[in-house]
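Engineer: What follows is a single structure, and I will ask about it in a moment.
The values are calculated or read from the model by the stated rules, or taken from the named source; none is laboratory data. Just so we're clear, the structure is a prediction, and the values are computed from it rather than from any experiment. Cβ placement follows ideal geometry from the backbone for every residue including glycine, while neighbour counts extend to all protein chains displayed. Each accessible area value is taken on the protein alone, full model and side chains, heavy atoms only, with ligands, DNA and RNA left out. Shrake-Rupley method; radii C 1.70, N 1.55, O 1.52, S 1.80 Å.
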Amino acid sequence: MPIRAFVAIPIGEPWDDYLAALTRDLSRLVGGVSWVKPGNFHMTLRFLGDLGESGVARLGDAMARGAEGATAPVAELGGIGAFPSLERPRVLWVGLARGGDELLALGRRVNAAIDAAGFERADKPFRPHLTLGRVREGARGLEALRGYAPPPAPPAAPLDRIVVMKSDLHPSGSRYTALREVRLPPQR
């Protein structure tokens with residue numbers, strides 16, 4: 001049975017709690033958005049889709065090779081943005097005020113190792129962000145996003161894990177299971 005797989009950087013509880021509160025706040029202003037459920041926030045390094053068990057094992061090995069010698073980036077949450085833009089949002093996200101360059105470098109290393117392992121190239125380059133929600137057709141109140149000032153973010157934190165995740169799609173939302181994890185040592 002195929003496994004819907006991706007590689008992600010999980011976040012800690014303070015960040016997850018903050019993003020959950022942020023989506024609750026935004027959901028009062030903006031309608032027609034499929035918000036990420038609390039506990040599901042993460043930074044996707046690479047989505048691979050359906051893989052067999054041997055493909056998942058190969059992906060885990062490639063992820064580990066890409067992370068060799070890397071240290072845990074210390075990052076701080078930033079402002080709200082959207083892909084492709086706030087004027088025409090399809091995906092709402094929170095960026096980083098600190099640590100973006102280090103995460104970009106880590107993402108490039110891991111993605112290069114995944115490419116070298118023979119997986120299909122990513123259709124989009126990695127951009128460090130945490131998805132808040134996906135904008136559905138007919139969404140309302142989107143203009144409120146441009147003037148929205150989020151509450152103060154929690155303190156900076158080390159992002160010290162990279163995980164191969166399994167995604168199971170359910171009517172109530174995606175459910176994620178960690179299949180393999182690599183720990184990154186702290187920066188010196």
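Engineer: Ordered by residue, what ³J(HN,Hα) values in Hz, to whole numbers, does region 96-111 give under the Karplus form 6.51 cos²θ - 1.76 cosθ + 1.60, where θ = phi - 60° and Gly and Pro are x?
Structural biologist: 10, 8, 8, x, x, 5, 5, 5, 4, 5, 5, x, 5, 4, 5, 5
Engineer: Quickly work out the residue 4-to-residue 169 label distance, labels modelled 7 Å from Cα along the C-beta direction, and quote it in nm with one decimal.
Structural biologist: Placing both labels 7 Å beyond Cα along the Cβ direction yields 0.5 nm.
Engineer: Continuing with the same structure: Residue 178 to residue 124: FRET efficiency via 1/(1 + (r/R0)^6), r the Cβ-Cβ distance, R0 25 Å, to the nearest 0.05?
Structural biologist: 0.60
Engineer: Given +1 on the Cβ of Lys and Arg, -1 on the Cβ of Asp and Glu, and no further charges, what dipole in debye does the chain carry about its Cα centre, rounded to the nearest 20?
Structural biologist: Magnitude of the dipole: close to 240 debye.
Engineer: Please give me, ordered by residue number, the trypsin sites (Lys or Arg not before Pro) of region 39-144 that lie in loop per DSSP and have at most 11 other Cβ atoms within 10 Å.
Structural biologist: Qualifying residues, ordered by number: 121.
Engineer: In addition: Whole-Hz Karplus ³J(HN,Hα) for region 47-63, in order, using 6.51 cos²θ - 1.76 cosθ + 1.60 and θ = phi - 60°, x for Gly and Pro?
Structural biologist: So the Karplus estimates, Gly and Pro as x, are 9, 10, x, 6, 10, x, 4, 5, x, 5, 5, 5, 5, x, 5, 5, 4 Hz.
Engineer: Just want the answer: with Cβ charges of +1 for Lys and Arg and -1 for Asp and Glu, which residue in 81, 47, 11 is farthest toward the dipole's positive end in the chain?
Structural biologist: The listed residue farthest towards the positive side: 81.
Engineer: Now for a separate question. With unit charges on the beta carbons (Lys and Arg positive, Asp and Glu negative) and the dipole taken about the Cα centre of the chain, which residue among 131, 112, 164 sits farthest to the positive side?
Structural biologist: My answer, from the dipole projection, is 131.
Engineer: Stretched out fully, how many nm does the piece from residue 144 to residue 25 gain, at 0.36 nm a residue minus the Cα gap?
Structural biologist: So the extension gain works out to 41.7 nm.
Engineer: I've got another one for you. Could you report the accessible area of residue 96 in Å², rounded to 10, computed with a 1.4 Å probe on the protein chains as they sit in the structure?
Structural biologist: Accessible surface of residue 96 is approximately 40 Å².
Engineer: Taking region 41-79, which GluC sites (Glu not before Pro) meet the DSSP loop condition and have no more than 13 other C-beta atoms within 10 Å?
Structural biologist: Those satisfying the criteria are 68.
Engineer: Then there's this: Please list 3J(HN,Hα) in residue order for region 30-40, calculated via the Karplus relation 6.51 cos²θ - 1.76 cosθ + 1.60 where θ = phi - 60°; whole Hz, with x for glycine and proline.
Structural biologist: 10, x, x, 10, 8, 7, 5, 6, x, x, 9
Engineer: On to the next question. Could you please state how large a percent of the accessible area of the chain is carbon and sulfur, counting protein chains only and using a 1.4 Å probe?
Structural biologist: On the chain, the fraction of accessible area on carbon and sulfur atoms equals 50 percent.
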